[in-house]
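The values are calculated or read from the model by the stated rules, or taken from the named source; none is laboratory data. Everything quoted here is computed from the prediction, not taken from an experiment. Counting neighbours? That spans all protein chains shown, and the Cβs are built from the backbone with ideal geometry, glycine included.
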Amino acid sequence: MLKIFEKDNEKLSTSLNRLKILYKTSQNKRGLVNAIGTVSKTLFGTMDADDAKRIYEQLQLLQGNQQTIQHVAKHQLKIMNATIGHINHLEKAIAYNEDLLSNVTTKMELQLARYTQRENLDEYSQIILAILTNLMTDVDRTEEYLVTARKGILRTSYLPLEHIIKDLREAASQLNRGLHFPFQIKLENWHSIEKYTSVNAFVINNYIFTTLRFPIIAYPTYKIIRAMPLPMYELSNVFKFIKVIHPIIAIDKENNHYTLLRENELKECIHDITMYTCEKNFPIYQTQSDAPCEVQIFTNMPGQLRNCEYGRVLASTTLWITPTEDRTWLYSAIKNQECTITCDDGLEEKIEISKIGKIKLKGNCKLTTPDIILKTNSQLETRYIQTHLPEFNLTLKLIMKIL
């Protein structure tokens, strides 16, 4: 910007000097006698009366013109002096403005330097703040990862899943015959693999190490059975049942083996849909004649059942037992009994039950007998209210759910 100002000032000074040169006072010579013949006559003494008259008139005219020229010259001189004075004043004003402009420009340069420095400082401060924020985020994530890993929770967002799948496939190819992983080694099956994964993390010399453990299983597998007593009608409103001592048993019919489990031990195993994988080693027993009553029943051992303890209960109506299977009931009837099954779709079915058996209902249905009504879990009434809150989207709020 200062260079532009200096260039404009140089152009102005050049223009002023040019004006001084163009309007400088010059001496004009006037009053020359252009009558050569008359002059020659005067020089050689041959003038007549007409020549004298003409000379006199020329002298008078020359004198008048000289006075006029003097007046004009004086007036022109005044104008030139005024113009020169105006130009001098203009030069002083320009010099003053030039000094003022130079001072302002210097101040602007200083201010610009300060502003640029402050802007750079602000930019550096923002960069430092962003770096600190990222560092704090990394520290929080690292701490969260270590805490969750020590609790056995695997944060998949921090782990290279593709690399883990690759290592699992390589490990599976090197397992001894008969050994295998209890899951399919595919990336899309990671949610199932994660159930079997044991994780731990620790820090050594500013490096985080993560260890993953996967179970390896071998055949044969055991069928887990939950034993539930079902009374059977004996006589005179008396029902007889076998008392269950071991409610959970695992049986391998192929190899004639069994093991006994408790509920808390089963919960420690990994459950994936229909399969349990247990890390704990349970004692394996050979199925023989002295096996527990529950094992003898489910292995269909021939001959008289041993080690079974019986109990009795009185009832004048059909007994209904609820197993762990959804929408399923076991029954033990004194006599043949008619039941009605009705569903929400309007279908109605009549069946007859006798002795012992199992009934499974589908959909939103209910079973009705003269003594009892059995219903599946269903929503009897659901109402939705649309509400609008400032700065929130429309929401659907469930206010009642009856099962």
Look through 242, 270, 249 and report the one residue that is closer than 29 Å to residue 319 by Cα, surrounded by 13 or more Cβ atoms within 10 Å (Cβ to Cβ) and touching a residue at least 60 places away in the same chain (Cβ under 8 Å).
-> 242
Are any residues in region 173-205 in contact (Cβ under 8 Å) with a residue 12 or more places away in the chain, farther than 23 Å from residue 220 by Cα and loosely packed, with under 11 Cβ neighbours inside 10 Å, and if so, which ones?
-> 203
Restricting attention to region 320-338, which residues are within 57 Å of the chain's Cα centre (by Cα) and either exposed (fewer than 13 other Cβ atoms within 10 Å of the Cβ) or not in a loop (DSSP other than H, G, I, E, B) (or both)?
-> 320, 321, 322, 323, 324, 325, 326, 328, 329, 330, 331
Kindly check whether there is at least one residue in region 156-172 that is more than 22 Å from residue 273 (Cβ to Cβ), among the polar types (S, T, N, Q) and under 22 Å from the mean Cα position of the chain (by Cα).
-> yes
Please enumerate the residues belonging to region 273-291 that are closer than 23 Å to residue 193 by Cα and loosely packed, with under 15 Cβ neighbours inside 10 Å.
-> 273, 274, 275, 279, 280, 281
Test for residue 314: is it surrounded by fewer than 16 Cβ atoms within 10 Å (Cβ to Cβ), out of contact with any Lys or Arg (no Cβ under 7 Å at 6 or more places or on another chain) and touching a residue at least 12 places away in the same chain (Cβ under 8 Å) | yes
Go through region 275-316 and give me each residue that's farther than 24 Å from residue 263 by Cβ and under 60 Å from the mean Cα position of the chain (by Cα).
-> 286, 300
Is it the case that some residue within region 384-403 is modelled with pLDDT of 80 or more and among the β-branched types (Val, Ile, Thr)?
-> no
